[in-house]
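Engineer: Handing you a structure now.
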Amino acid sequence: MAHEGVDVLVIGGGITGSGVALEAAARGLRVGLIDKADFASGTSSKSTKLAHGGVRYLAHFDFALVKEALEERGRMIRNAPHLVKPLGFVLPLYKHNKRPLDMPFVLPGGIGTSTILQAGLLLYDLLAGKLGIRMHRRLSVQNALKLAPALKREGMTSAFIYYDGQTDDTLLTMTVLRTAAQRGALLANYAEVLGFEQASGTITAAHIKDTLTGETYAVKAGTIINAGGAFAGRIEALAGESQIRISPAKGVHLTVPREKVPMGADAVVLPETPDNRLIFLVPWNTRITIGTTDTKGGDIDQPVASADDVQYLLDVTNDYLQTKLTKADVISSWAGYRPLISAASANGATSKLSRTHVVHDGPGGMITITGGKLTTYRRMAQDTLDHLAKRTGTPITHPTQELPLDGALGRAEADAAVDVAAKRYGWNADIVSRVKEYGGEACHILDCCAEDATLARPIVPDLPYTFAEVVYACRYEMALTLDDMITRRLHLNFEDWTRGVAPAPAIAKVMARELGWSEAEAAEQVRRYAEAVAREQAASSTTL
Ligand SMILES: Cc1cc2nc3c(=O)[nH]c(=O)nc-3n(C[C@H](O)[C@H](O)[C@H](O)COP(=O)(O)OP(=O)(O)OC[C@H]3O[C@@H](n4cnc5c(N)ncnc54)[C@H](O)[C@@H]3O)c2cc1C
C-alpha cells in the first residue's frame, strides 16, 4: 500500500469496512484496508450472530427496513451457505405479556394479540419474497415446550416458530476479507490511521502507524472510506470538523453451558422485556448465548459487561425459564457498541439511503459509512461505492449481489472430504460442522492435518476447534498474536473466559512454527495472553 498507493483506502476492518473493500475490489478498484487492531476486533465479533430482518421493526411499521434486511439475509444464505444457516426461532406468548415484540398497542385483556402477531409473522415471510427461508408456523403449547423445554409452561397461551439465519460474525468478516484479497485488495491489521495529508482541502494520503512495530507509513489514496464503526466520528475529526455524532449504544451477551438451559436446535425469543425489547437465547456449539441489552453511553474503548447488565439479562431470562440461572452459571460475557447516528450532517450533505445506515460526505472528501447491521453489510458497501461512482462519474455496477463468498464454491467436494477425514481423525459432529463452516476452504484445513496428523487434535475437549485451524488462521487469516488466535479465530474467550489459558502454550508453539517466533517471543505471547485474561477476569469479578 505504502509503495504503490491505492484508489480507495478503507479505514476499519469490521464487517462494514470488509464489505466495502470487497465491493470496491469487485468493481475493479485498487483498494487497501487497514484496522488499528485485529480484523473484527470491534463490534463485528460481539453481535448476536444473526442474519435477520428484525421482526421487532415490524411493530414500528418500518417495512422498507425489514424488507432490505430480509433480502440481504437471503443473499447471505445464497452467497455463503457454508457460513449462514437457517435457524428456527421459537416465540412463546404468555398471559403476562403486555406488549410482545414491542407492539405499539394491545387490546384490553390481550384479546387478539396472538392473531396480530401471526399477521406480523406472515408479513415477515412475505417481505422476504423469493429469498425467504421457510414460512412461520403456529405451535401448540405442548409442541413449543417440546422444541424449547427450558420455557415455563405456566401462563404460556400460544407460540410460533419463524425462521432467520445464524452466522459466525468473526468468520464472516474474515471470509469477506479473504474474498476481497482474492480480488486484489491489500489488507493490514494493526495499522492505525493517525492523520491525513491534504491538498486544497482534499485528502491525498493517510498517515498510518504499524501498532506492533511502531513504524509509520504514508499511503497515497484517491478516496478515503471511513468504516470506523463507533470510532467513525474520531476518524473524521482527524481530517477536519466531524459532521456526525455517533451515539454509542452498548449491547451485552452472556454465555452459559448448554445443559443449564435445555433447548433443542432452535433459538428462543423472549417476547418482552421491561424496556420493551426482545431477548434471544441462541444455541452456539455447546453453549447458549443470551442477549442483548441496549443502553446508551459508555466507553467505546473499553466495552465491558457491567454487573447491572448481567443482572438484567439473568432477571429477564429467569422470568421465562423453568429453572433459574445464577451468576455462577455465566461462563463468559461480552459487550459491543452499536454505531448509531444521533445527528445528521450539519452541512446537509448526508444522504440517508435507508433507515439502517448512512453514507455521508466527511471532511477532506472522505466518505463515511456507518450505522446498519451485520446482515446489511453488503448493501451498505454497495450504497457507499454507488456514492463514490456518482461522485467520480463512473458507471454503477452491483457485482456482489450474486458473488459467492470464499468457500461457497467447491463446498460439496470439501464437505465429502471432511466426512472422510472425520472417520480418520475420530472427529465428533461438532468438529465436523465447524470445519464445514470453511466451505471449499476446508481443504486447506485437511491439508494441514495431512501434513501433520497431530494438528487434527481438538484444542479443548468440549469445543470444536482443532490445531489445524491455528495453522490455517496463520496462513490465510493474518492472525498475528496469540490473542488474535484464541479470542477471534477460535473465539474461545466468547465461549468460556478461561478455557484458552491451559492450551495457550501449545497454540503458541504451533503459531511460532508458522510465524517464525523465537521461544522467547512465544513465551511472551503466552504471558501477555494470560495477563489479558486475568485482567478480564478481574474486571468480571468486580462487575459480577
Ligand atoms: C450487541 C450487539 C448485537 C448485534 N447483533 C446483530 C445481529 O445479530 N445481526 C446483525 O445483523 N447485526 C447485529 N448487530 C449490529 C452489528 O454487529 C454492527 O452493526 C456491525 O458489527 C458494525 O460493524 P462495523 O464494521 O461498522 O464496526 P466495527 O466492527 O466496530 O469495526 C470498526 C473497526 O474500525 C477500526 N478502527 C477504529 N479507529 C481506527 C483507526 N483510527 N484506524 C484504523 N482502524 C480503526 C476498529 O478497530 C474496528 O475494528 C449487533 C450489534 C451489537 C452491539
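Engineer: Show me, for the range 420-425, the HN-Hα J-couplings you get by feeding each phi into the Karplus relation (A = 6.51, B = -1.76, C = 1.60, θ = phi - 60°), rounded to Hz, glycine and proline as x.
Structural biologist: 5, 4, 4, 5, 4, 9
Engineer: For residue 299 paired with residue 134, estimate the spin-label separation in nm (one decimal), with each label point 7 Å from Cα along the Cα-to-Cβ line.
Structural biologist: Result: 4.5 nm between the two label points.
Engineer: Provide the gained length on full extension for the span residue 143 to residue 322, in nm with one decimal, where the gain is 0.36 nm per separating residue minus the Cα-Cα distance.
Structural biologist: Additional length available on full extension: 62.8 nm.
Engineer: Looking at this model, which pairs from 296/509; 98/146; 296/436; 327/509 are more than 31 angstrom apart at the alpha-carbon?
Structural biologist: On the way: 296/509 42 Å; 98/146 25 Å; 296/436 38 Å; 327/509 35 Å.
Check vs 31 Å cut-off fails for 296/509; 296/436; 327/509.
Engineer: Sequence-distant or interchain residues sharing an amide H contact under 5 Å with residue 33, placed H: which?
Structural biologist: 10, 186, 187, 188
Engineer: Would you work out which of 58, 222, 307 lies farthest towards the positive end of the dipole of the chain, given +1 charges on the beta-carbon of Lys and Arg and -1 on that of Asp and Glu, about the Cα centre?
Structural biologist: Going by the Cα projections, it comes out as 58.
Engineer: Go through 185-192, 303-310 and give me the packing order, highest mean Cβ count within 10 Å leading.
Structural biologist: Working: 185-192: 21.5, 303-310: 18.1.
Ranking, from highest mean packing down: 185-192, 303-310.
Engineer: Would you grab the residues whose amide H sits under 5 Å from the one on residue 198? Only those 5+ places off in sequence or on another chain, please, with H modelled 1.01 Å from N.
Structural biologist: 204
Engineer: In debye, nearest 20, what is the charge dipole magnitude of the range 222-333 about its Cα centre with +1 on Lys and Arg Cβ and -1 on Asp and Glu Cβ, if you could check? Walk me through the numbers before you get to the answer.
Structural biologist: Numbers: 10 positive and 14 negative charges, 43 e Å.
In total the dipole reaches around 200 debye.
Engineer: With the crude spin-label approximation of a point 7 Å out along Cα→Cβ, what separation in nm comes out for residue 258 versus residue 514?
Structural biologist: Taking the simple label geometry, residue 258 and residue 514 are separated by 2.6 nm.
Engineer: Report the local net charge at residue 485: Lys and Arg +1, Asp and Glu -1, summed over other residues whose C-beta lies under 11 Å from its C-beta.
Structural biologist: Taking every Cβ under 11 Å from that of residue 485, the sum is -4.
Engineer: Could you give me the ³J(HN,Hα) list for the range 69-80, computed from phi with Karplus coefficients 6.51, -1.76, 1.60 and θ = phi - 60°, whole Hz, x at Gly and Pro?
Structural biologist: 3J(HN,Hα) across the range 69-80, in whole Hz: 5, 5, 5, 5, 4, x, 5, 4, 5, 6, 8, 9.
Engineer: Around residue 452, which amide H atoms from residues at least 5 apart in sequence, or from another chain, sit under 5 Å from its own amide H, with H modelled in the peptide plane?
Structural biologist: none
Engineer: Once phi is turned into θ = phi - 60°, what whole-Hz ³J(HN,Hα) does the Karplus curve with 6.51, -1.76 and 1.60 give for every residue of the range 231-247, x standing for Gly and Pro?
Structural biologist: Coupling constants for the range 231-247: 9, 4, x, 5, 5, 4, 5, 6, 10, x, 7, 6, 9, 10, 10, 8, 10 Hz.
Engineer: Summing -39500 (n - 2.57) over the DSSP H runs of n ≥ 4 in the chain and dividing by its residue number, what mean residue ellipticity at 222 nm do you reach, to the nearest 500 deg cm²/dmol? Walk me through the numbers on the way to the answer.
Structural biologist: Values: 15 runs with 185 residues, N = 544.
It lands at -10500 deg cm²/dmol.
Engineer: At 1.4 Å probe size, with the rest of the protein present, what percent of the exposed accessible area of the range 426-479 is carbon and sulfur atoms? Write down the numbers at each step before the final one.
Structural biologist: Working: 1010 of 1850 Å².
Roughly 55 percent of what the probe reaches on the range 426-479 is carbon or sulfur.
Engineer: Give the accessible surface of the range 147-186 per residue, rounded to a whole number of Å², with probe radius 1.4 Å and ligands, DNA and RNA excluded. Mind dumping the intermediate values first?
Structural biologist: Numbers: 1070 Å² over 40 residues.
Ligands and nucleic acids excluded, the figure is 27 Å² per residue.
Engineer: So for each of 211-217, 92-98, 517-523 I average, over its residues, the number of other beta carbons within 10 Å; can you give me the resulting order with the highest mean first?
Structural biologist: Working: 211-217: 11.4, 92-98: 17.4, 517-523: 13.3.
Ranked from most to least packed, the peptides come out as 92-98, 517-523, 211-217.
Engineer: Could I ask something else about it? Using the heavy atoms of the protein chains and a 1.4 angstrom probe, tell me the accessible area per residue for the range 6-70 in square angstrom. Mind dumping the intermediate values first?
Structural biologist: Working: 1600 Å² over 65 residues.
I get 25 Å² per residue for this part.
Engineer: Can I ask one more? Per-residue counts of other Cβ atoms within 10 Å, averaged by peptide: what ranking do you get for 290-299, 332-341, highest first?
Structural biologist: Most protected by this proxy first, the peptides run 332-341, 290-299.
The values are calculated or read from the model by the stated rules, or taken from the named source; none is laboratory data. Here the structure is a predicted model, which means the values were calculated and not measured. Note that each Cβ is placed from the backbone with ideal geometry, even for glycine, and that neighbours are counted across all protein chains shown. What goes into the accessible areas is simple: the full protein's heavy atoms, side chains included, and nothing from ligands, DNA or RNA. Shrake-Rupley method; radii C 1.70, N 1.55, O 1.52, S 1.80 Å.
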